[in-house]
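Here the structure is laid out as structure tokens; the discussion comes afterwards.
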Amino acid sequence: MFPNSGSSAYLLSHISRAIFLAAFVMAKLASPLSAQTKPRVRSITGFIRVDTGKYKDQIADALKVLRNAKARYELAGYEVQTIRITTQPFPEYTNGMTKEAALSFFHDLDAIGKQEDILIGIGPALMNEKDDPAEAELLGEVLGATTHLRGTVVVAGNDGVHWKGVHAAAGIVKNLEAHTDNGIGTFRFAAIANVPAYAPFYPASYHQGIGHQFAIALESANVVAEVMAVQRDSEVTRQALVNELGRQARTVADIADKIDQETGWTYMGIDLSPAPGKLASIGSAIAGFTGSHFGTSGSLTAVGTITSAIRDINIKKVGYSGVMMPVLEDTRLSQLWGEGAISMDQLLAYSSVCGTGLDTIPLPGDVTEQQLERIIGDVATLSVKLSKPLSARLMPAPGTKPGDRTAFGDPNLVDTVVQPLP
């Protein structure tokens with residue numbers, strides 16, 4: 001019996017107190033982060049179906065839309081890092097060209113990229129096992145001779161692992177290591193597995209549609225970091241991520257919907273992968289959850305928690321929408337790699353709960369094509385087993401051996417110490 005149990009006033013006071021406490025907890029959970037905590041828009045990516053007879057006009061038309069979109073986001077307080085243009089798989093529009101004509105075309109396309117300060121994704125060289133391996137060789141030459149183009153080879157799909165693609169991808173990596181300054185060309189290429197069309201992140205972006213579409217990529221590791229800075233139960237953390245990432249994503253999507261309505265370019269969705277940057281580390285964000293550095297026990301749970309939150313956000317999504325762990329683009333991950341505190345096997349294990357694969361992985365310069373094939377094959381096999389998008393962007397540092405420091409010379413990358421191959 002409660003004291004004074006006959007008093008309805010007593011019961012009402014306790015019920016009211018319980019309701020108040022529950023409301024207080026929910027309000028704290030749902031309350032937005034500091035006004036300054038906004039994700040950066042990594043890219044606004046426009047998709048065009050290239051006609052080699054009028055591609056300059058097509059690019060000019062796309063740039064008007066993309067630059068208007070950039071201005072709209074900046075007016076709303078978002079920093080926009082890049083605008084990008086992505087084509088259908090390039091063999092579809094170079095078909096019938098001589099090799100010399102194709103190289104000349106891509107030289108001109110790269111010149112437009114430099115002049116307009118944009119990146120251009122030219123799509124996969126190989127989509128399936130029936131495609132001509134010569135197209136992969138052409139892609140390697142194109143990426144080796146340009147700076148503003150990005151490309152891929154598909155190494156797995158719903159039909160299984162594409163072993164010819166795996167072999168071709170490894171060959172491209174070694175070619176770019178040997179024939180670009182400091183091997184930086186490897187940054188412009190990825191082997192992709194089960195990555196859907198309309199992904200806005202590079203190099204994986206491609207499409208097979210009619211064009212006149214766009215998608216958004218966010219750099220939101222800072223949002224995840226602020227949520228995970230408070231150690232709490234994983235479910236409470238997950239719900240806080242749903243609330244905060246969802247709030248940010250809906251604001252970004254609302255602007256995209258208006259652009260869609262005003263321009264006639266179809267908005268395809270947002271890739272919610274919380275991409276890191278030099279000043280916003282996903283490695284540090286996860287350490288806030290585990291209480292120790294990224295790579296220790298609890299890291300896989302943290303990746304799974306972020307993934308679950310992303311999946312529960314009810315907006316139009318594209319691309320990976322998973323946890324990105326690019327070693328050379330994340331200051332903390334680069335440091336941990338250099339210390340030998342994280343490995344490829346760990347990153348691939350985390351990708352089983354919806355990371356995005358092996359991204360910007362520094363390797364010794366003497367890594368062989370066969371060793372690269374085995375690494376890419378592991379990524380492709382895991383992708384097929386789990387039916388999920390993964391990719392491999394492997395970056396051998398020319399002339400280095402374990403213990404040496406990379407020197408890629410790119411402002412977007414954080415150099416680190418090369419580790420032995422497992």
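Computed values, structure above
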item: Cβ-Cβ under 8 Å pairs, at least 6 apart or on other chains, segment 302-325 side under 18 Å from GLN239 (Cβ atoms), far side among the aromatic types (Phe, Trp, Tyr); result: ALA302/PHE289; VAL303/TYR350; THR305/PHE289; VAL323/TYR350
item: Extreme residue, farthest from ALA190 (Cα to Cα), among residues of segment 372-394 that are under 16 Å from the mean Cα position of the chain (by Cα) and in a helix (DSSP H, G or I); result: SER383
item: So VAL353, is it within 19 Å of the chain's Cα centre (by Cα), surrounded by fewer than 22 Cβ atoms within 10 Å (Cβ to Cβ) and either outside any helix (DSSP H, G or I) or in the same structural domain as ALA169 (by TED's automatic domain parsing) (or both); result: yes
item: Residue check for SER351: hydroxyl-bearing (Ser, Thr, Tyr) and touching a strand residue (DSSP E or B) at 6+ places or on another chain (Cβ under 7 Å); result: yes
item: GLY288 vs. criteria assigned by TED's automatic domain parsing to the domain that holds SER334, free of Cβ contacts under 8 Å to residues at least 60 places away in the same chain and either hydroxyl-bearing (Ser, Thr, Tyr) or buried (at least 17 other Cβ atoms within 10 Å of the Cβ) (or both); result: no
item: Boolean, ARG374 is charged (D, E, K, R) and touching a residue at least 60 places away in the same chain (Cβ under 8 Å); result: no
item: Test for GLU79: is it at pLDDT 95 or above, surrounded by fewer than 21 Cβ atoms within 10 Å (Cβ to Cβ) and under 20 Å from PHE201 (Cβ atoms); result: yes
item: Lone qualifier among ARG232, ARG238 - being without any contact (Cβ under 8 Å) to a residue 40 or more places away in the chain, among the basic types (Lys, Arg) and closer than 30 Å to ALA309 by Cα; result: ARG232
item: Within segment 124-234, helices (runs of 4 or more DSSP H) holding 2 or more residues that are closer than 30 Å to ARG250 by Cβ; result: 221-228
item: Residue check for GLY340: more than 19 Å from the chain's Cα centre (by Cα) and in contact (Cβ under 8 Å) with a residue 40 or more places away in the chain; result: yes
item: Tabulated pairs, segment 400-422, first touching a residue at least 12 places away in the same chain (Cβ under 8 Å) and more than 16 Å from LEU328 (Cα to Cα), second charged (D, E, K, R) and part of a loop (DSSP other than H, G, I, E, B), C-beta under 7 angstrom, 6+ apart or interchain; result: LYS401/ASP366
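Listed here are the residues, each with its yes/no results for (1) in a helix (DSSP H, G or I); (2) surrounded by fewer than 17 Cβ atoms within 10 Å (Cβ to Cβ); (3) not β-branched (Val, Ile, Thr).
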| site | (1), (2), (3) |
| --- | --- |
| ALA275 | no, no, yes |
| THR301 | yes, yes, no |
| GLY304 | yes, no, yes |
| ILE342 | no, no, no |
| ASP359 | no, no, yes |
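A quick yes/no check of all residues on (1) over 22 Å from HIS212 (Cα atoms); (2) in a helix (DSSP H, G or I); (3) at pLDDT 95 or above:
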residue: VAL25; (1), (2), (3): yes, yes, no
residue: ALA35; (1), (2), (3): yes, no, no
residue: SER43; (1), (2), (3): no, no, yes
residue: LEU66; (1), (2), (3): no, yes, yes
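The values are calculated or read from the model by the stated rules, or taken from the named source; none is laboratory data. Because the structure is a prediction, the values reported are computed rather than measured. Methodologically, a virtual Cβ is constructed for each residue, glycine included, from the backbone with ideal geometry; neighbour enumeration extends over all protein chains shown.
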